[in-house]
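Note sheet for the following structure.
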Amino acid sequence: MREPKLIWQLFPINILILLGAMLAIAWYGNHSLRIFYINQMVDNLEAQARIIAPQVGQLLVKANFVALKDYCFQAGQRIPTRLTVVDQQGKVRCDSDRDPATMENHADRPEIIKAFNGEIGISQRYSATTKQDMLYMAIPVVDDKISLGVLRTSLSLAAINRELQRLFTRMALGILIITFFAGCITLVVARQITRPLELMKLYSQRYAGGDLTEKISVTGSEEIVSLAQAMNKMAAQLDERMRAVQGKRNELETVLAGMVEGVIAVDPEDRILYMNNSAMEQLGIEQTSTKRSSLLEVVRNIDLLRFIQHTISRDKSGEKTIVFNQGKCDEKILQVHGAQLYDAKKNRIGALIVINDVTKLLRLENLRRDFVANVSHELKTPITSIKGYVETLLDEAGELPQHVLDFLTIISKQANRLQAIVEDLLSLAKIEEESDREEILLERGSIRNILQNAIEACSAKAAERNIQLILHGEDHVYAPINGPLLEQAVINLLDNAIKYS
C-alpha cells in the first residue's frame, strides 16, 4: 500500500483544526448572543410586569375580573407582549391573546410555581397555545404582603431564532471563505515544507544509485537545512569510502587477473563468486561472465567438483592433484588448493580454490628423474671397472714407482667417492619414486636388522676416522616400516655424523 504524501497529511489536519475551531467559535458566539438577547428580553418583560403589576393587584383585590380582562387586552395591545394573570389556584383570570375560559390551569407551570414562592419565574418552552417557542417571565402580585396571584409576561422566541439563524448563516459563509483562503495558504506553506524534502528524496535516490557527487542545496527552516547539510556530509564520506573500496577492488582484480594461478571463489550454494582468466584458461572455459553461475554449469571435471564441495563442507584447507582431460592431447595435471572463506563475524561464506598447472613441471621432473636414474646406472659399470683396475694395480704396487702409487691411490679414492655419489643418486631416485605414491608401503619388520645393516654400510668410513659404531637395544623390536627407506635414512644420518665428527 502506497503511503500518502506529507502535503496531504498536513493539509487535511490543518483544515480540520481550523474548521473545528471556527465552528466552535461560531457555536459559542451564537450561544452567547442567544443568552444575551434572552437576558435582555427578560429584563424588558420584568420591567413591563413591574409597571403593570400594581393595577392588576387593585383589580384582583376588587375581584373585578371583567375590568381585569379589558385592562390586560388593552395593555397587551399597547406593548408587543402577551400578558397573563393567574390567581392563587392557578386559574387564568385574563390573557391578552387568548380567552381565559379556554385555557387550562397554569398551577403546574415552572415560572408560575416560582412566582407562587415569591421568586421571579423564568422559563423557555414550546407553547401548545401559540404553537411556537416562548419566553415566560412571572412575578407575584402582592397587596399588603398578601399574595393575590401571578402576573406573567411572555414573548415569542421566533424572532430571536430567525435573527440568530441569519447570523449563523452569515458566520458559516464567513467560515467557508476563511477556510478556503486558509486552505490555500496551508497548501502553499505545506508545499514550501515538502519541496525541500522531495528534493532530498530525489538526491537520496541518486545516492542509492551510486551518484554521490552532487550536493543538495535547499532553503527553509533550520531543521531542513541541517538535514540537507548532514546528507551532503554523508554523501561526501560515502563517496570517499566507495572510491577507496573501488580502488582496492580494482587493485585486487588486477592482481588476481594477472596471476598465473587460477583462482575461483564459490559460495555455500556452489555458485561462482569470482573466477579469473587463468582459471578459465586452465579449465577450458569460454571468456564469458561466470559470476553467480552454478558450479555444475561451468566446471565439467567431476574430481574438481568433488574437491570444491568437500572444501566447502569441511573446516580445514586441503590440496589435490587432478588430471584434466585425461587421455586427450591437451591433458593437464592440475595442483588444486582449497581453503574456506569467512566474513568479519567468522561465518563461513564459501571457499577459495587456487589452481596450479603443474603439467610442464611434472614432465620436467620426470625427465630429470629418468635422466638421473639412467646416468647413474650407466656410470655404475665404468666406475666399477675403474675401481677394479686400480685395485689390481695397487696389488702389484711393488713393481711401480712411488709417484704412480700416489696417483693410483688418488684415483682409487676419487673412484670410491664417485661410486658413493652414484649410489646416493640411485637411492634418491628410489626415494622419489616411493614418495610419488599416494601411500608409502609399510611392512612389519625388525628395527634392529635395519640399524645393523646401516652400521655395516658405514663401518668402513667410521674406521678410517677411528670412530666405533655400537648398537644398543632390544633384539626383538618390530614395527610397520618401509625397510629400504628407513635404512637409507639411517645411513645418511650416520654418514653425516661420521663426516663432521
- Any idea what the relative contact order of the chain is, in percent, if you count C-alpha pairs under 8 Å spaced at least 6 apart? 7 percent
- Message: If R₀ is 25 angstrom, what is the calculated FRET efficiency for the pair D133 and T169, using the beta carbon separation as r and rounding to 0.05?
- Response: 0.85
- Task: Determine the dipole magnitude for the range 358-436: charges of +1 sit on the beta-carbon of Lys and Arg, -1 on that of Asp and Glu, nothing else is charged, the reference point is the Cα centre, and the result goes in debye to the nearest 20.
- Result: 360 debye
- Message: If I take the Cα coordinates of the range 7-58 and project them onto the principal axes, what are the three extents in Å, biggest first?
- Response: 76, 9, 5
- Task: Would you tally the net charge around A158, using a Cβ to Cβ cut-off of less than 15 Å, leaving A158 out, and scoring K and R as +1, D and E as -1?
- Result: +3
- Message: Which residue, L19, G220, A479, has the largest displacement toward the positive end of the dipole of the chain when charges sit on each Cβ (Lys, Arg +1; Asp, Glu -1)?
- Response: L19
- Message: Nothing charged except the Cβ atoms of Lys and Arg (+1) and of Asp and Glu (-1): what's the magnitude of the dipole of the chain about its Cα centre? Round to the nearest 20 debye.
- Response: 4420 debye
- Message: Which lysines, if any, have their Cα less than 22 Å from the Cα of K345, not counting same-chain residues under 8 positions apart?
- Response: K248, K316
- What's the extension gain from S147 to D303 if we count 0.36 nm per residue and subtract their Cα-Cα distance? 43.5 nm
- Message: Need one word for the range 59-152: rounded, prolate or oblate. Basis is the Cα gyration tensor (sqrt eigenvalues a ≥ b ≥ c); a/c below 1.5 gives rounded, then a/b vs b/c decides.
- Response: oblate
- Item | Spatially close lysines, pair count over the range 6-164: Cα under 21 Å, gap of eight or more or interchain | 7
- As straight-line cross-link partners of K499, the qualifying lysines (C-alpha separation under 17 Å, not fewer than 8 residues apart within one chain) are K413, K461
- Message: Let me check against my output: what whole-number percent is the relative contact order of the range 243-292, with C-alpha pairs under 8 Å and at least 6 apart?
- Response: 28 percent
- Query: Where does each of D370, D87 land when they are ranked from fewest to most other beta-carbon atoms within 10 angstrom?
  - Reply: D370, D87
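Would you compute, from DSSP H runs of 4+ residues alone, the mean residue ellipticity of the chain at 222 nm, taking -39500 (n - 2.57) per run and dividing by the full residue count, rounded to the nearest 500?
On the way: 12 runs with 295 residues, N = 501.
Here the helix-only value at 222 nm equals -21000 deg cm²/dmol.
Roughly how large, in nm² to one decimal, is the mean projection of the convex hull of the alpha-carbon atoms in the range 6-164?
Averaged projected hull area, Cα only: 11.4 nm².
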- Item | Y274-I15 pseudo-label distance in nm [points 7 Å out on the Cα-to-Cβ vector] | 5.8 nm
- In the neighborhood of F168, defined by Cβ-to-Cβ distances under 15 Å, what is the net charge if each Lys or Arg adds +1 and each Asp or Glu adds -1? +3
- Query: Hey, rough spin-label estimate for K380 and S226, points 7 angstrom out along Cα→Cβ, what's it come to in nanometres?
  - Reply: 9.3 nm
- Enumerate the lysines that K332 could reach by cross-link, defined here as Cα to Cα under 18 Å, with residues fewer than 8 away along the same chain left out. K320, K360
- Note on the structure: Evaluated at 4 °C and 1.567 mPa s, the Stokes-Einstein D of the range 170-222 based on the Kirkwood radius over Cα pairs, in µm²/s, stands at 95 µm²/s
- Item | Principal axis dimensions, largest first and in whole angstrom, of the range 126-177 by Cα | 62, 23, 11
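Sorted by mean Cβ packing within 10 Å, highest first, what order do the peptides 78-84, 16-22 take?
78-84, 16-22
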- Note on the structure: Among Q402, Q419, V358, the residue whose Cα sits farthest towards the positive end of the charge dipole of the range 358-436 (+1 at Cβ of Lys and Arg, -1 at Cβ of Asp and Glu, taken about the Cα centre) is V358
- Query: Using the per-residue mean of other Cβ atoms lying within 10 Å as a proxy for protection, in what order, highest first, do the peptides 359-369, 471-481 fall?
  - Reply: 359-369, 471-481
- Message: Give me the one-decimal nm value for the distance between modelled label points at R191 and D370, 7 Å along each residue's Cα-to-Cβ direction.
- Response: 9.1 nm
- In what sequence do S293, S385, S96 fall when counting other Cβ within 10 Å, fewest first? S385, S293, S96
- Taking Cα pairs closer than 8 Å and at least 6 residues apart, the relative contact order of the range 192-268 in percent is 24 percent
- Cα centre as origin, Lys/Arg/Asp/Glu Cβ charges: the range 1-104 dipole, Debye: 160 debye
- Note on the structure: Projected onto the charge dipole of the range 6-164 (unit charges on the beta-carbon of Lys, Arg, Asp and Glu, signs +1, +1, -1, -1), the Cα from G121, G57, T153 with the largest positive-side position is that of T153
- Message: Placing one identical point scatterer on every Cα of the range 252-396 and ignoring solvent, what is log10 I(q)/I(0) from the Debye formula at q = 0.10, 0.13, 0.21 Å⁻¹?
- Response: -0.47, -0.65, -1.30
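Values in this text are rule-based calculations from the coordinates and carry no lab data. Quick caveat, the model's predicted, so the values are computed rather than measured. FYI the Cβ positions are ideal-geometry reconstructions off the backbone, even for glycines, and counts take in every protein chain you see.
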